[in-house]
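The values are calculated or read from the model by the stated rules, or taken from the named source; none is laboratory data. The structure displayed is predicted, hence computed values, not measured ones. Here the Cβ is made from the backbone with ideal geometry for all residues, glycine too, and neighbour counts use every protein chain on show. Areas reflect the complete protein model, heavy atoms only, side chains present, ligands, DNA and RNA absent. Shrake-Rupley method; radii C 1.70, N 1.55, O 1.52, S 1.80 Å.
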Amino acid sequence: MKLTRRNSLKLMGATALAASPLQAIAGAHGGAMVEMLNKAPESNERQVFHPPVLQVEPGTTVMFKATDRGHNSEANKDMIPDGVEVWKGKIGEDIEVTFDAPGLYGYHCTPHQSAGMVGLVLVGEVTQDQINAAKEVRHRGKSKARYEEYLAMAEEMIAAN
Ligand SMILES: [Cu+2]
């Protein structure tokens, strides 16, 4: 139940994957997509992952799509389940990450971490304890407020399950 480099960092060209709305739960055999954007589609927030909070079943492959240039997706080593390898995409590159281990995953864009370009992936059963642990992680700049907002959204999502 851990991400391997082979499985987690398969590079891809353009592939038609449907974007998942915030509340959608992607199936284990389907795919999900998070776009890396300069501006949020429905607000004036700059430098965002969309959707910022994604809920998927274990085994789901998520594509982080470089829709806008200058971004990447990098796991926060303090916000992933124990024993899971971090992933780090190159700037401007689409990457696929397969989430096998249940739990809460935090990630950011390397150059825009302080600008608040962060996101969460909720895989399978996520507990309040895991969310509480994530709240204890320290963040710089705008990512602190964004993580607070997204963790509150995550709490609502697990409460609705
Ligand atoms: Cu970025």
Q.
With every atom except the alpha carbons ignored, what do you get for Rg and Dmax of segment 25-161, in angstroms?
A. 13.5, 37
Q. How far apart, in nm, are two points set 7 Å out from the Cα along the Cα-to-Cβ line at residue 138 and at residue 77?
A. 1.6
**Q.** For segment 21-130, size of Cβ-based charge dipole, Lys and Arg +1, Asp and Glu -1, in debye
**A.** 420
Q. Expressed in nm to one decimal, what extension gain is obtained for the pair residue 152 and residue 128 from 0.36 nm per residue of sequence separation less their Cα-Cα distance?
A. 7.6 nm
Q. On full extension of the chain, what length is gained from residue 44 through residue 114, given 0.36 nm per residue of separation minus the C-alpha to C-alpha distance?
A. 23.5 nm
Q: Would you please classify the overall shape of segment 38-103 from the alpha carbon gyration tensor, given that a ≥ b ≥ c denote the square roots of the eigenvalues, rounded means a/c under 1.5, and beyond that prolate means a/b larger than b/c while oblate covers the rest?
A: prolate
Q: For segment 32-161, with all protein chains present and a 1.4 Å probe, just round the carbon and sulfur fraction of the accessible area to a whole percent.
A: 46
Q: Choose one of 102, 145, 121: the residue whose Cα lies farthest towards the positive end of the charge dipole of segment 46-161 (beta-carbon charges +1 Lys, Arg; -1 Asp, Glu; about the Cα centre).
A: 145
